[in-house]
1. Once the whole set of protein chains is in place, how much accessible area is left on ILE23, using a 1.4 Å probe, in Å² to the nearest 10?
2. Expressed as a rounded percentage, what relative contact order does the range 49-97 have, with Cα pairs under 8 Å and six or more residues apart?
3. What is the sum of charges around GLY75, taking Lys and Arg as +1, Asp and Glu as -1, for the other residues whose C-beta is under 12 Å from the C-beta of GLY75?
4. Of ARG58, ARG96, which has the most accessible area with a 1.4 Å probe, and how do the rest follow in descending order?
5. If the chain between GLN86 and MET31 were fully stretched, how many nm would it gain, using 0.36 nm times the residue separation less the Cα-Cα distance?
Amino acid sequence: MFGWLKGDGMDMGPWAPTSLFTIGGAAVGAMSNSRQQKRPDSGCTTSNVGDIDAAAKRVGDGGGKIMHGPQQVPGGGWIVQAADPQGAAFALVGSRK
């Protein structure tokens, strides 16, 4: 439906195994079920951004909240876990400029 294809998997240690998804061969995001979630029906969608610090600022400016991070993850990227103004969880991963 969205043109996504399943990419490589990545073990995120204590967080969860993560499946990358690609568009045109480029990894554009990831999905995982957190090992730390209390509810088995919960998950977190992760999207790539160019600058993790600028993206985290936009989350706050838009009424969302950074719940965790930025924290470096395997592969050298940085991740933030966030919630939108209605409380829906999501994550962003990208480089630090």
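The values are calculated or read from the model by the stated rules, or taken from the named source; none is laboratory data. Everything numeric in this text was worked out from a predicted model, so none of it was measured. When we count neighbours, we look across all protein chains shown, and the Cβ atoms used for this are built from the backbone with ideal geometry, even at glycine. These accessible areas exclude ligands, DNA and RNA; they are computed on the full protein's heavy atoms, side chains included. Shrake-Rupley method; radii C 1.70, N 1.55, O 1.52, S 1.80 Å.
1. About 80 Å², ignoring ligands and nucleic acids.
2. 40 percent
3. Counting the neighbours of GLY75, the net charge comes to -2.
4. From most exposed to least exposed: ARG58, ARG96.
5. 17.8 nm
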